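Contents: one structure, followed by commentary.
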Ligand SMILES: C[S@@+](CC[C@H](N)C(=O)[O-])C[C@H]1O[C@@H](n2cnc3c(N)ncnc32)[C@H](O)[C@@H]1O
């Protein structure tokens, strides 16, 4: 395996891929969301109209690839970690379930997604109290 300083070629390729994904999501966060499109995507993944109305539209970026809160059986008082939290849709929906006694942490490697999610969460006073967003990678 080729060595570059203390990194192999494959480690450098992994770094490049991660940076490309990060850049793409930073761009997406800065572009904002098309509310009608994002609602259609979320509903296709089983998010209900009531759920989507309970959170700010900006938290739904139309990036759903599942509906984890529907599957997770989250209970009041639990601590939940959302890996790749994006605009915060699932963090805020989970925050409603854990309530004031619980905590939901959104982790995302896109600094712009984290900024967007923090701004958006502030619009939901009761939910923002039990949710927080942290920049970081789970790789
Ligand atoms: C498909 S989007 C989903 C966002 C959100 N969960 C939703 O359903 O709208 C994936 C998110 O995961 C983040 N992400 C991807 N790989 C990651 C990694 N290795 N570490 C941290 N965040 C990551 C991206 O920056 C992006 O915001």
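The values are calculated or read from the model by the stated rules, or taken from the named source; none is laboratory data. Please read these numbers as outputs of a predicted model, since none were measured by experiment. Glycine also receives a Cβ, built like all others from the backbone with ideal geometry; neighbour counts cover every protein chain displayed.
Taking the conditions exactly as written (buried (at least 17 other Cβ atoms within 10 Å of the Cβ) and more than 8 Å from the ligand (Cβ to nearest atom)), does residue 126 satisfy them or not? Reasoning before the result, please.
On the way: buried (at least 17 other Cβ atoms within 10 Å of the Cβ): no; more than 8 Å from the ligand (Cβ to nearest atom): yes.
So residue 126 does not fit the description; no.
State whether the residues of region 98-105 include one that is at pLDDT 95 or above, surrounded by 14 or more Cβ atoms within 10 Å (Cβ to Cβ) and in a helix (DSSP H, G or I).
yes
Let's see how each residue does on (1) touching a helix residue (DSSP H, G or I) at 6+ places or on another chain (Cβ under 6 Å); (2) within 12 Å of the ligand (Cβ to nearest atom):
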residue	(1), (2)
49	no, no
56	yes, no
81	no, yes
91	no, yes
100	no, no
113	yes, yes
122	yes, no
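In this structure, is residue 85 assigned to a loop (DSSP other than H, G, I, E, B) and within 12 Å of the chain's Cα centre (by Cα)?
It is true that residue 85 is assigned to a loop (DSSP other than H, G, I, E, B) and within 12 Å of the chain's Cα centre (by Cα).
Taking residue 94, is it surrounded by 19 or more Cβ atoms within 10 Å (Cβ to Cβ), in a helix (DSSP H, G or I) and touching a strand residue (DSSP E or B) at 6+ places or on another chain (Cβ under 6 Å)? Let's see the steps before the verdict.
Working: surrounded by 19 or more Cβ atoms within 10 Å (Cβ to Cβ): yes; in a helix (DSSP H, G or I): yes; touching a strand residue (DSSP E or B) at 6+ places or on another chain (Cβ under 6 Å): yes.
Here the answer is yes, as residue 94 does meet what is asked.
Which residues, counting only those in region 27-44, are surrounded by 12 or more Cβ atoms within 10 Å (Cβ to Cβ), within 12 Å of the ligand (Cβ to nearest atom) and more than 25 Å from residue 130 (Cα to Cα)?
Scanning region 27-44 gives 28, 41.
Mind counting the residues in region 88-125 that are touching a residue at least 12 places away in the same chain (Cβ under 8 Å) and more than 20 Å from residue 26 (Cβ to Cβ)?
Qualifying residue count for the region: 16.
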